[in-house]
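Asks: Pasting a structure here, questions to come.
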Amino acid sequence: MVVAVVLNWNGGDDTMRSLESLRGIETICVDNGSTDGSPDEVERRFPDVELIRTGANLGFAGGNNIGIRRALERGGEWVLLLNNDAVAGEGIAAALERAAAARPDAGLLACKIYLDGDTLQSAGGSFDARLGYSGRLAGYGSRDDGRFDVLREVARADGAAMAVSRVAVDRAGLLDEELFAYVEDVEWSLRIRRAGFAVVFVPEARVWHRGQTASGGSASVTNLYYDTRNTIVVAERYRPLPRGVRSLRRLVAVGAHLVQAARHPTRVAAARAVVAGWNDARRGRLGARGTRPRAPRPSAPT
């Protein structure tokens, strides 16, 4: 059985559209301390959806982990995490269940994600820990012409829409809450694969995703901070390198993010966010930005 989890943080109408697309699927909505009245609207419009109010912004990882635990308590064998700014296509639960039956080795199922219409955002992704580089998602920006209509193993899933199995959670654990937001889908994919499971792309599990609304939209620099920090942290956790080479990899990651910052509407603030992410990564400051420093976690086992 598939149970869906939608994480809401001041999501307004986006969250309502997301929940509407999941009609007929057992669904849990976790509210991360919203102040826009959206949790009350969820209760009013979706009485069959279980609403959990955290009372605080626990980040993508913390909020979704609460939903995953509850979904497993309710008997879910697979938990679909759907961003609140994403809309699920018809038959998504059945598509995931067919894929799980076809690939019993799978621990994580990656959905086919669109930017709009038939323009793809993701048909699976990769991550080169040696360089700290995720690469462009497969199919990004191209028209869905059938090239990706094959159930296949991929390196990582996209957190906008992915499903995790009960057995993978039991063996590999939940999302890493120290990352708070961004790159936690990469880290989870790597950890689940290390635990012996496959990450499998499911072309029939279709989702349409707006993107970046949870971090404040295109004008926000939040995503640049977390993406810089967490990319460095995850790369060092999964591919430790000697100090000199490690410093070079950090510079590559920072340089790539500074290129993005140069194209940002608020370039100076964006560049500062990248530098802050780099500083916090090397000092082991994880969790929500601005919280007390934490010691770096040990590297992942080889």
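Asks: Note the listed values (i) 18.3, 57; (ii) 19.6, 60; (iii) 23.6, 77, then indicate which one is Rg and Dmax of the Cα atoms in Å calculated from this particular structure.
Replies: Here Rg and Dmax of the Cα atoms in Å agrees with entry (i).
Asks: Taking only the alpha-carbon positions of the range 222-283 and ignoring solvent, what does the Debye formula give for the base-10 log of I(q)/I(0) at q = 0.15, 0.20, 0.22, 0.29 Å⁻¹?
Replies: -0.40, -0.67, -0.78, -1.19
Asks: Out of all DSSP beta bridges in the chain, what portion is antiparallel? Express it as a percent rounded to 5.
Replies: On the way: 20 of 43 bridges.
Bridges in the chain are about 45 percent antiparallel.
Asks: Using only the Cα atoms of the range 94-134, construct the convex hull and provide its projected area averaged over every direction, in square nanometres to one decimal.
Replies: Mean projected area for the range 94-134: 4.3 nm², to one decimal.
Asks: Sort Cys29, Cys111 by Cβ crowding within 10 Å, fewest neighbours at the top.
Replies: Working: Cys29 26, Cys111 32.
Neighbour counts put them in this order, fewest first: Cys29, Cys111.
Asks: How many angstrom lie between the Cα centre of the range 105-166 and the Cα centre of the range 6-29?
Replies: The two parts, judged by their Cα centres, are 22 Å apart.
Asks: Quick one: Met1, Met16, fewest Cβ neighbours within 10 Å first, how do they rank?
Replies: On the way: Met1 14, Met16 17.
Lowest count first: Met1, Met16.
Asks: Would the range 169-214 count as rounded, prolate or oblate if I go by the C-alpha gyration tensor, calling it rounded below 1.5 in a/c and otherwise prolate when a/b exceeds b/c, oblate otherwise?
Replies: Values: a/c = 2.76, a/b = 1.19, b/c = 2.32.
Cα axes put the range 169-214 in the oblate bin.
Asks: Determine, for each peptide in 85-92, 244-251, 163-170, the mean count of other beta carbons within 10 angstrom over its residues, then list the peptides with the highest first. Please list the in-between numbers first.
Replies: Details: 85-92: 19.2, 244-251: 14.0, 163-170: 21.0.
Per-residue Cβ counts within 10 Å, averaged per peptide and sorted highest first, yield 163-170, 85-92, 244-251.
Asks: Relative to the first principal axis of the alpha-carbon coordinates of the chain, what is the inclination of helix 59-73, with its axis defined by its Cα atoms, in degrees from 0 to 90 and to the nearest 10?
Replies: Taking the Cα atoms of the chain, the angle to 59-73 is about 40 degrees.
Every number here is computed from the coordinates shown, using simple stated rules; none is lab data. What you see is a predicted model, and the numbers here were worked out from it, not measured in a lab. Glycine also receives a Cβ, built like all others from the backbone with ideal geometry; neighbour counts cover every protein chain displayed.
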